[in-house]
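None of the figures in this text is laboratory data; all of them are computed from the coordinates on show. As the structure is a prediction and not an experimental result, all values here were calculated from the model. Ideal geometry is used to build each Cβ from the backbone, glycine not excepted, and the neighbour counts take in all protein chains shown.
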Amino acid sequence: MIPKPPTRRRLTLQAAILLIGALIASALLLSRPAPERITTPRLAPLVTATVMTPRSTPLVVEGTGTVRPAAEITLSAEVGGRVVSVSPKLVRGGVFSAKDTLFKLDDQSYRNAVSVAQAEVEQRRVDVAIAAQNQLIAQREYELLRQRLGSDAPPDTSLAAQLARQQPQYEAAEASLYRAEAQLADAELNLERTAVLAPFSGRVRSESVDIGQFISPGQAIADIYGTEAVEVDISLSTRQAALIDGLWAEDGAGRIPAVVRSEFGGSWHEWNGFVERASGALDEATRTVQIVIRVPDPFAASAIRPPLLVGSYARSRIAGRAVEAYYAIPRTALRDGPSVWAATTQGTLVSLPVEVIQEIQDTVFLIADMGDTTKVIVSDLAVMTEGMRIRIADSNETDTEAENSETTTVTHNTGAASTGAARRGGL
């Protein structure tokens, strides 16, 4: 059965109902209360600060460097030959004492040279003796002839000439003897040089020699270094160097004490030393002063402390003089300039220029005119401007919040629920 189309009266009734519902909803919306306005404070940024306390105690000047030997040479032989023996101490890391024989060369030819030189010396001594005897005989013959002929007789020129020749011949024989003795001394010295001795007590860094190897005079055989002392070179700024009293003393009276620290196996160990010398010129690239710290007997190991190994990274501390009114701050508080951000008594930011004396690990020592400020900002903010209001994290924030706040209005729509309910009821 086909449904009948709605009649005009029915359509009119539906339209009237919809219109009445819309009017009721509009009335409810217009009659709802105004939104409640709530005022909340906008807090100033929260920062972390540290209290600045002036100090006047002596400063410690710190620098870093690498441990190196105080004495290090390349070992070589002064004569050539074939190696016939090598000391078991002449190995990488080997320990030796002064005057130890490190290796020997075949010395047979050098012994022969000594024998030849000795024979030459004996021959020249005989020549000197013969020349002296000839001179004495010529002198006596000349005197006897003068006695027989009398003092008024003319001298025998041939005999006088022969006597005159004896003195140069004697002197020539003596000179030949001196030359032969010098050649003997050289031969004996070369024989001694076939045994290469350690010039000091030390260790072997590297070596390249073995039995049967032929070496030439001056050929590098090994690199060795002394163990009596090591040195640490550190670079200091002129400000740091100025803190060390007696650094430029020429007579070396009163050694400046220093402490060298190095890490081994996860633990830090200390060795006592002293300032050995300072360079007489600034480094052209870094504009720093080179200081040499000497550590005696660095290889005296114990059950609790290892030796101070060559090549180790070391930190050195030198006793400095006192500076009036300086400050120590965390490195994070130092800004470009150099400068620091400080908090005024009114709770605002102020930028203060500073003069850095030195930096030790995470601490910066500086001189600054703090004025009426006592706290330096150590935390970072995205934006920091002169005069900006801040809150200090370690202060009482109750009063600060009221003082350093701005008003913000937030609207709460309390009538939304009733409006929705009325709308649903109308439908």
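Under the simplified labelling scheme, the Glu141-Ala175 pair shows an inter-label distance of 2.5 nm, with each label point 7 Å from Cα along Cα→Cβ. For the pair Ala22 and Arg42, label points projected 7 Å from Cα toward Cβ lie 4.3 nm apart. Do any trypsin sites (Lys or Arg not before Pro) in segment 242-330 lie in a DSSP loop with no more than 12 other beta carbon atoms within 10 Å, and if so, which? Hits after loop and neighbour filter: Arg287.
The loop-placed GluC sites (Glu not before Pro) in segment 214-322, going by DSSP, that have at most 14 neighbouring Cβ atoms within 10 Å of their Cβ come out as Glu250, Glu284.
Taking the Cβ of Val116 as the centre, find all other residues whose Cβ is under 14 Å away and add up their charges (Lys, Arg: +1; Asp, Glu: -1). Could the numbers behind the result be given before it?
Working: positive: Arg111, Arg124, Arg179; negative: Glu120, Glu122, Glu181, Asp186, Glu188.
With Lys, Arg at +1 and Asp, Glu at -1, the neighbours total -2.
Cβ-Cβ distance of Trp248 and Thr74, R₀ of 45 Å, FRET efficiency by 1/(1 + (r/R0)^6): the value works out to about 0.85. When the alpha carbon gyration tensor of segment 80-126 is reduced to an equivalent ellipsoid, its three semi-axes come out at 35, 12, 5 angstrom, largest first.
Along segment 351-360 the Karplus relation, 6.51 cos²θ - 1.76 cosθ + 1.60 evaluated at θ = phi - 60°, assigns HN-Hα couplings of 8, 10, x, 9, 10, 6, 7, 6, 10, 10 Hz to successive residues, with x for each Gly and Pro.
Once you order the gyration tensor axes a ≥ b ≥ c over the Cα atoms, which shape class does segment 246-298 get: rounded for a/c under 1.5, otherwise prolate or oblate by comparing a/b with b/c? It would help to have the intermediate numbers written out before the result.
Working: a/c = 3.52, a/b = 1.43, b/c = 2.47.
Oblate, because a/c is 1.5 or more while a/b does not exceed b/c.
For Ser206, the amide hydrogen comes within under 5 Å of the amide hydrogens of Asp223, counting only partners 5 or more places away or on other chains and with H modelled in the peptide plane. Amide H contacts under 5 Å for Val364: Ile329, Arg331, restricted to partners 5 or more places along the chain or on a different chain, H placed in the peptide plane at 1.01 Å from N.
What separates the Cα centres of segment 86-110 and segment 342-368 is a distance of 61 Å. Taking segment 273-406, how much of its Cα-Cα pair set, in percent, is spaced more than 22 angstrom apart? Tail fraction, whole percent: 58.
From the P(r) of segment 200-240, could you give the percentage of C-alpha pairs in the tail past 11 Å? Result for the distance tail: 76 percent.
Multiply the residue gap between Ser379 and Glu228 by 0.36 nm, knock off their C-alpha separation, and tell me the result in nm, one decimal place. Numbers along the way, then the final one.
Working: separation 151, 0.36 × 151 = 54.36 nm, distance 4.88 nm.
Difference between extended and current length: 49.5 nm.
The label point for Phe214 and the one for Ala285, both projected 7 Å from the Cα toward the Cβ, are 4.4 nm apart.
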